[in-house]
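Read through the structure below, which is laid out as structure tokens, and then see the notes.
The values are calculated or read from the model by the stated rules, or taken from the named source; none is laboratory data. Only a predicted model underlies this, so the values are computations on that prediction, with no experimental measurement involved. As a convention, Cβ positions derive from the backbone with ideal geometry for all residues, glycine included, and neighbour counts pool all protein chains shown.
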Amino acid sequence: MRTDYVIHTPAEIEKIRVAARKAAEARERICALVRSGMTTWDLDELAGEVIRSLGGVPTFLNYRGYPGNICISLNDEVVHGIRSRERFILKGDVVSIDVGVTFEGGIGDNAKTVYVGDGDMPEDISRLLKFTESALEAGLAAARPGGYVQDISRAIEMEAKRGRLGIVEEFVGHGCGTRLHEPPDVPNYTQHRKGPCLRPGMVLAIEPMLNLGSKRVYMESDGWTVRTRDGEPSAHFEHMLLITETGTEVLTRV
């Protein structure tokens, strides 16, 4: 019988915990490699090397045909940006790095957005990154055993509105653990239903995707890259969260 959530066994949780730690370390190493003048192809190749140096396998590579080690989304690209030998990272760019690592049956999935530049970050970009990250933290803080997915969604939405940011609705957080995408969905906005109850053993990838302008997005002809309709920048932050008997554990903290 299919359920709308997955409860992982203690053995699975330990594998997921290890993979998540590796994903978090890979995320930080890869973000530190982002430089003006490099291509997204160069960055993706380095990312593959980082993940493999940790003993892991890039989860996204060939997942449903995805052609990269990680997702690299620049400026108005929201998520699922594909590496290119012609796409250069430049000063002033906003770069979202989404990293998945598979290790011995567990999967880690996390994301971070960085600004490329030597000087002060523009005020609007600072607001975008600050409130997207704080929306993630609000969602994490709202999760508790016995609560509901809706609690997470509402907390993210409230923080996004506080930052005057557009909330992408077409793409959402999700369960993650022994498969990259597991139920339940974790929307970043309030819905009409509470969603599944949060039970010990559930692992969620919580990932607000917020835009500096409108919430409206569209899919590029490559079938992967999602962009903002108005051309304004977007940001993406993601952590994996384990629901425990007594509270929660963020699995992708460094």
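Looking at segment 67-149, the strands (runs of 3 or more DSSP E) lying wholly inside it that each contain 2 or more residues that are surrounded by fewer than 20 Cβ atoms within 10 Å (Cβ to Cβ) and under 20 Å from the mean Cα position of the chain (by Cα) sit at 106-115. Here is the figure for segment 150-162: residues that are surrounded by fewer than 20 Cβ atoms within 10 Å (Cβ to Cβ) and either aliphatic (A, V, I, L, M) or part of a loop (DSSP other than H, G, I, E, B) (or both) total 1. All told, Leu204 falls short of being over 21 Å from Thr132 (Cα atoms), touching a helix residue (DSSP H, G or I) at 6+ places or on another chain (Cβ under 8 Å) and at pLDDT 95 or above. Each residue in segment 184-226 was checked for being of a type outside the set (A, V, I, L, M, F, W, C) and under 16 Å from the mean Cα position of the chain (by Cα), and 9 of them qualify.
Scanning segment 1-58 for residues that are assigned to a helix (DSSP H, G or I), among the acidic types (Asp, Glu) and within 27 Å of Gly195 (Cβ to Cβ) returns Glu12, Glu14. If I filter segment 233-254 down to residues being small (Gly, Ala, Ser) and part of a strand (DSSP E or B), which single residue comes out as surrounded by the fewest Cβ atoms within 10 Å (Cβ to Cβ)? The qualifying residue surrounded by the fewest Cβ atoms within 10 Å (Cβ to Cβ) is Ser234. Restricting segment 208-232 to residues that are polar (S, T, N, Q) and part of a loop (DSSP other than H, G, I, E, B), the residue that is nearest to Asn188 (Cα to Cα) is Ser214. Return a yes/no flag: does segment 163-184 have any residue that is part of a helix (DSSP H, G or I), in contact (Cβ under 8 Å) with a residue 60 or more places away in the chain and exposed (fewer than 15 other Cβ atoms within 10 Å of the Cβ). Checked against the condition, which is being part of a helix (DSSP H, G or I), in contact (Cβ under 8 Å) with a residue 60 or more places away in the chain and exposed (fewer than 15 other Cβ atoms within 10 Å of the Cβ), segment 163-184 yields no hits at all.
Are any of the residues in segment 114-135 under 21 Å from Val78 (Cα atoms), in contact with a helix residue (DSSP H, G or I) (Cβ under 7 Å, 6 or more places away or on another chain) and of a type in the set (Gly, Ala, Ser)? There is at least one residue in segment 114-135 that is under 21 Å from Val78 (Cα atoms), in contact with a helix residue (DSSP H, G or I) (Cβ under 7 Å, 6 or more places away or on another chain) and of a type in the set (Gly, Ala, Ser).
Contact map, segment 35-52: residues that are free of Cβ contacts under 8 Å to residues at least 40 places away in the same chain paired with residues that are part of a loop (DSSP other than H, G, I, E, B) and of a type in the set (Val, Ile, Thr), Cβ distance under 7 Å, separation 6+ or inter-chain. Pairs shown: Asp44/Ile70.
Within the set Arg52, Arg17, the sole residue that is of a type in the set (Lys, Arg) and surrounded by fewer than 17 Cβ atoms within 10 Å (Cβ to Cβ) turns out to be Arg52.
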